[in-house]
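Here the structure is laid out as structure tokens; the discussion comes afterwards.
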Amino acid sequence: MLTKRIIPCLDVKDGRTVKGTNFTNLRDAGDPVELVKRYSDEGADELVFLDISATHEGRKTLLAMVERVAEAVHIPFTVGGGVTSVDDVVRLLNAGADKVSLNTAIVENPELLSAACERVGSQSVVAAIDARQTNGGWTVRTHGGRQETNLDAIKWASEAVRKGAGELLVTSMDRDGTKAGYDLALINEIARRVSVPLVASGGAGAKEHFRNAFLQGADAALAASLFHYSQLTIRELKQYLREQGVPVRL
């Protein structure tokens with residue numbers, strides 16, 4: 001059985017790691033490079049590094065920051081934010097990222113997803129989905145959660161995989177920063193329909209939340225504030241998961 005992955009997420013704005021609730025009320029969480037060093041030492045399986053205001057501000061992800069992260073750690077990491085072309089994907093991979101996450105740009109132009117996968121391979125392309133509950137289902141939000149769409153999140157997840165995405169990063173905006181637990185129904189609905197790895201995001205607040213996400217079909221679980229503010233270490237979490245019968249790399 002494949003091991004389940006624990007992935008700290010660093011939302012970066014103006015060169016600093018930040019964290020909020022439901023994508024708002026951001027507060028400082030430290031220097032991103034210092035944090036990634038800590039997480040690497042603690043046993044993180046991967047990292048996700050998101051320039052959260054790049055798309056909203058109409059600029060590109062900071063390549064220099066990506067290069068600094070690549071120099072600081074030797075575990076895989078994904079980069080996203082402001083990616084609008086295949087050339088952007090190539091630049092980020094050349095700067096040291098292992099995978100590139102696309103969100104707004106592929107909602108607006110799904111063929112960009114296919115083109116990126118053809119150019120660099122599906123294994124390097126992540127389709128990120130920011131989902132919000134609406135009328136008994138979930139719809140996709142873009143531009144860092146600021147803009148609504150009429151796109152059904154479950155259908156879009158399946159379409160993204162058909163377009164070539166090698167992994168899905170699914171964030172529940174309703175749960176983001178609440179520490180109330182992942183949206184298990186959302187995870188299950190998508191996991192049952194796709195064949196690629198699913199990274200659950202939004203709502204981690206306790207060790208059992210990770211276990212619950214894995215039981216619903218997540219292949220990896222992402223968290224931010226829980227790790228940033230040292231409320232739980234990755235080592236403690238993995239020890240708990242192993243005791244619960246969840247396969248993890250210690």
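The values are calculated or read from the model by the stated rules, or taken from the named source; none is laboratory data. A quick note: this is a predicted structure, and the numbers were derived from the prediction, not measured. Positions of Cβ are generated from backbone atoms using ideal geometry, with glycine treated the same way; all protein chains shown enter the neighbour counts.
All told, residue 162 meets the bar of being free of Cβ contacts under 8 Å to residues at least 12 places away in the same chain and not aromatic (Phe, Trp, Tyr).
Note on the range 163-205: residues that are acidic (Asp, Glu) and touching an Asp or Glu at 6+ places or on another chain (Cβ under 6 Å) amount to 0.
The single residue among 157, 206 that is over 30 Å from residue 236 (Cβ atoms) and hydrophobic (A, V, I, L, M, F, W, C) turns out to be 157.
Taking the criterion of being closer than 26 Å to residue 93 by Cα and out of contact with any strand residue (DSSP E or B) (no Cβ under 8 Å at 6 or more places or on another chain), the residues of the range 121-143 that qualify are 121, 122, 143.
Within the option set 226, 186, 232, being within 18 Å of the chain's Cα centre (by Cα) and either part of a strand (DSSP E or B) or at pLDDT below 95 (or both) holds for one residue only, 226. Checking each residue in the range 197-216 for being over 24 Å from residue 51 (Cα atoms) and either among the hydrophobic types (A, V, I, L, M, F, W, C) or within 16 Å of the chain's Cα centre (by Cα) (or both) picks out 206, 210, 213, 214, 215.
Which of the residues that make up the range 155-183 are outside any strand (DSSP E or B) and hydrophobic (A, V, I, L, M, F, W, C)? Show your work before the answer.
Of the residues in the range 155-183, the ones outside any strand (DSSP E or B) are 155-166, 173-183.
Those that are outside any strand (DSSP E or B) and hydrophobic (A, V, I, L, M, F, W, C): 156, 157, 160, 161, 165, 173, 180.
Cβ separations smaller than 7 Å between residues 6+ apart or across chains give the following pairs from the range 108-134 residues that are under 27 Å from residue 184 (Cβ atoms) and touching a residue at least 40 places away in the same chain (Cβ under 8 Å) to residues that are aromatic (Phe, Trp, Tyr) and in a strand (DSSP E or B): 131/138; 132/138. Looking at residue 150, is it modelled with pLDDT under 95, on the phi < 0 side of the Ramachandran plot and not in a loop (DSSP other than H, G, I, E, B)? Yes; evaluated as a whole, the condition is true for this residue. Among residues of the range 121-147 being part of a strand (DSSP E or B) and hydroxyl-bearing (Ser, Thr, Tyr), the one that is modelled with the highest pLDDT is 139. Scanning the range 178-206 for residues that are polar (S, T, N, Q) and touching a residue at least 60 places away in the same chain (Cβ under 8 Å), we see that the one that is surrounded by the most Cβ atoms within 10 Å (Cβ to Cβ) is 201. Filtering 217, 245 for residues that are at pLDDT 95 or above, over 30 Å from residue 122 (Cβ atoms), in a loop (DSSP other than H, G, I, E, B) and out of contact with any Pro (no Cβ under 8 Å at 6 or more places or on another chain) leaves a single hit, 245. Scanning the range 91-113 for residues that are in contact with a Lys or Arg (Cβ under 7 Å, 6 or more places away or on another chain) and either more than 12 Å from residue 160 (Cβ to Cβ) or buried (at least 19 other Cβ atoms within 10 Å of the Cβ) (or both) yields a single hit, 113.
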